[in-house]
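For reference, the structure is listed below as structure tokens.
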Amino acid sequence: MDFIKLIIYVSIYIGLVSTTFFILTFYFGEKKKKLLYSDDELPKVSVIIPAYNEEKSIEATIKSILKTDYPKDKFQVIVIDDGSKDNTFKLAKKFEKFGVKVYSKKNGGKGTALNYGLKKVNGEIIFSMDADTYVEERCVKQMVRFFKNKKVMCVSPSILVLNPKNILQRVQYIEYIMGLFLRKAFSNVNAIHITPGAFSAYRKSFFDKYGGYEEGNITEDLELAMRIQYNGFLIEHSPESPAYTIAPNKFTHLLKQ
């Protein structure tokens, strides 16, 4: 019985310390003044969308990013079809009349598609965007503003679940909401350990100096975040930049993810 009480007291102590840490980190971090680009200072941006068998969502994703309020003369969208066996490439090609660049390559995985895209960009800031992600108009501009600080190499958005329907998706929705608070707290002490693969922004010069995505790594976003931290740079979080992703609706799909 005494052992059970000890476990309870230790758990309560750890919970209180953790909660206090996150609250204080969040509060005092908000008082730090951030360097932010004005509209006149915004740099060129390129969005890379790697896609493999995404015919169900690729059109909506491209339409979503094309609605951005970012200056059109400083904005580029590139779709890399990674050897899809469905109509992904054909559907993406329809958007070339809107200035979207569409390429196709042999299937090699997400990392290879992103690295292929890095060779085609003209932007100073690079966004990686999953082919089943949707963003609000202000998202890109709000995230890019943080790059005025030259130490910032990555900016992450507020990832949310799009239209949760069943119980599994609703549980993930709650998880994502809780993650927003933690991500903001972690950013205030430069401790973000993962840059969401669904939608994140990077400084092109980082890839030029430290290499592109690690090909064959199924958690390329985690590896890249660790590499940024290891080299002494900053990862920021933009809470005003919501990006929506489709959460797995079956346990087997969630387990695979």
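The values are calculated or read from the model by the stated rules, or taken from the named source; none is laboratory data. It should be emphasised that the depicted structure is a prediction, and the values quoted were computed from it without experimental measurement. Methodologically, a virtual Cβ is constructed for each residue, glycine included, from the backbone with ideal geometry; neighbour enumeration extends over all protein chains shown. Quick note on the areas: whole protein, heavy atoms, side chains included, nothing else; ligands and nucleic acids left out. Shrake-Rupley method; radii C 1.70, N 1.55, O 1.52, S 1.80 Å.
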At 7 Å along the Cα-to-beta-carbon direction for both K97 and H193, put a label point, then send me their distance in nm to one decimal.
4.9 nm
Extension gain, E41 back to A60 (0.36 nm per residue minus Cα-Cα distance, nm)
3.9 nm
Given a 1.4 Å probe and every protein chain left where it sits, what share in percent of the accessible area of segment 56-200 is carbon and sulfur?
55 percent
Placed amide H near F75: partners under 5 Å, 5+ positions off or other chain
V45
In whole Å, what is the distance between the alpha-carbon centres of segment 63-88 and segment 138-172?
17 Å
Stretchable slack from K74 to K148, in nm (0.36 nm times residue separation minus alpha-carbon distance)
25.0 nm
Just to verify a number: FRET efficiency for N107 and E223, C-beta to C-beta distance, R0 = 30 Å, to 0.05?
0.90
Once label points are set 7 Å from the Cα along Cα→Cβ at both K90 and L182, what is their separation, rounded to one decimal in nm?
4.3 nm
Taking the Cα of E215, stepping 7 Å toward and past its beta carbon, and measuring to each backbone N in segment 90-104: which are under 18 Å?
103-104
Accessible solvent surface per residue of segment 33-78, calculated while the other protein chains remain in place, 1.4 angstrom probe, Å²:
51 Å²
Yeah, segment 188-245 with a ≥ b ≥ c from its alpha-carbon gyration tensor (a/c under 1.5 is rounded, else prolate when a/b outruns b/c, oblate otherwise) is oblate
Note the full-extension length gain between I4 and E137 as 0.36 nm times their separation in residues minus their Cα-Cα distance, in nm to one decimal.
42.7 nm
Output the pairs from K34/K67; K97/K120; K67/K105; K110/K148; K44/K150 with a Cα-Cα distance over 25 Å in this structure; if there are none, say none.
K34/K67; K67/K105; K110/K148
If all Cα-Cα distances of segment 71-130 are sorted into 5 Å bins from 0 onward, what percent lands in each bin, rounded to whole numbers?
4, 17, 30, 26, 16, 6, 2
